[in-house]
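Everything below concerns the one structure shown next.
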Amino acid sequence: MIINLSEIMSVKGNIEHIQAPIELESFCMEGIEYPFASKSFVDLTISHLGDRKVKIEGEAKLSLLIPCNRCLEKVETWFDLKILQNLDFKQGSDDRIEELDETNYINGYDLDVDLLVYNEILIDFPMKVLCDEDCKGICKVCGTNLNKSSCNCDNTVSDPRMSVIRDIFNNFKEV
Ligand SMILES: [Zn+2]
Ligand SMILES: [Zn+2]
């Protein structure tokens, strides 16, 4: 959703509450797509503090399906976004032009709510997601999810440290 800020900025002290829908279908990062499991509206409060300064406060609750770091099962991961941004639209200031250039969710006087939300998810995105602290992961040989069933693979074979020891052992035999 795009919100045009010029009307809010026309009167000093203007405060507007907006429930903006999140129109993003998924969250994409580094070529990987994470679908939303649920998403709320973004509760936005936009205040014109005067002197073309605008404060944007917002809250949103949403969840994404992120694969478990060990077994790759999708885990519903919640985000409690708290947005607080101060914008300065004062004309003729080089600083503000530079600053707003870095603010990718502002284009002219248009506020792009989805980009604002995207930035906040990016900041909060977890380094690692586990379906369970005790997740057993997947078998490195056959790919079985070891939380759901077991397999008869000899996992020591795929361990490179073990194969080094085996090579040494074999070399001894050849001598
Ligand atoms: Zn897992
Ligand atoms: Zn296996």
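When you scan the range 77-94, do you find a residue that is more than 22 Å from the chain's Cα centre (by Cα), under 18 Å from Leu5 (Cα atoms), among the polar types (S, T, N, Q) and at pLDDT below 95, even just one?
Taking the range 77-94 first, the residues more than 22 Å from the chain's Cα centre (by Cα) are 87-94.
If we keep only those that are under 18 Å from Leu5 (Cα atoms) as well, we get 87-91.
Filter again for among the polar types (S, T, N, Q), leaving 91.
Those still in the list that are at pLDDT below 95 too: 91.
Within the range 77-94, one or more residues are more than 22 Å from the chain's Cα centre (by Cα), under 18 Å from Leu5 (Cα atoms), among the polar types (S, T, N, Q) and at pLDDT below 95.
Scan the range 157-175 and tell me whether some residue there is over 21 Å from Lys74 (Cα atoms), surrounded by 10 or more Cβ atoms within 10 Å (Cβ to Cβ) and at pLDDT 85 or above. Among the residues of the range 157-175, not one is over 21 Å from Lys74 (Cα atoms), surrounded by 10 or more Cβ atoms within 10 Å (Cβ to Cβ) and at pLDDT 85 or above, which makes the answer no. Among residues of the range 127-141 that are loosely packed, with under 11 Cβ neighbours inside 10 Å, those with a Cβ under 8 angstrom from a residue that is at pLDDT 95 or above, sequence gap 6+ or separate chain, pair up as Lys128/Asn69.
Would a scan of the range 57-75 turn up a residue that is free of Cβ contacts under 8 Å to residues at least 40 places away in the same chain and within 16 Å of ligand 1 (Cβ to nearest atom)?
yes
Suppose the filter is of a type in the set (Asp, Glu), surrounded by 12 or more Cβ atoms within 10 Å (Cβ to Cβ), within 16 Å of ligand 2 (Cβ to nearest atom) and modelled with pLDDT under 90; does Asp154 pass it? Give the derivation first.
On the way: of a type in the set (Asp, Glu): yes; surrounded by 12 or more Cβ atoms within 10 Å (Cβ to Cβ): no; within 16 Å of ligand 2 (Cβ to nearest atom): yes; modelled with pLDDT under 90: yes.
Answer is no for this residue.
When residues in the range 46-83 are screened for being assigned to a strand (DSSP E or B), among the aliphatic types (A, V, I, L, M) and more than 18 Å from Ala20 (Cβ to Cβ), 5 of them pass. A search for C-beta distances below 6 Å between a residue of the range 15-43 that is farther than 17 Å from Tyr105 by Cα and any residue that is assigned to a strand (DSSP E or B) and of a type in the set (Lys, Arg), counting only pairs 6+ apart in sequence or on different chains, returns Ser40/Lys61.
Residues to consider are Ile8, Ile83, Ile56; find the one that is in contact with a Gly (Cβ under 8 Å, 6 or more places away or on another chain) and of a type in the set (Val, Ile, Thr). Steps first, please.
Working: Ile8 fails: in contact with a Gly (Cβ under 8 Å, 6 or more places away or on another chain); Ile56 fails: in contact with a Gly (Cβ under 8 Å, 6 or more places away or on another chain).
Criteria check complete, one pass: Ile83.
The values are calculated or read from the model by the stated rules, or taken from the named source; none is laboratory data. Treat the numbers as computed from the prediction; the structure is a model and nothing was measured. Here Cβ is always computed from backbone atoms with ideal geometry, including for glycine, and neighbour counts include all displayed protein chains.
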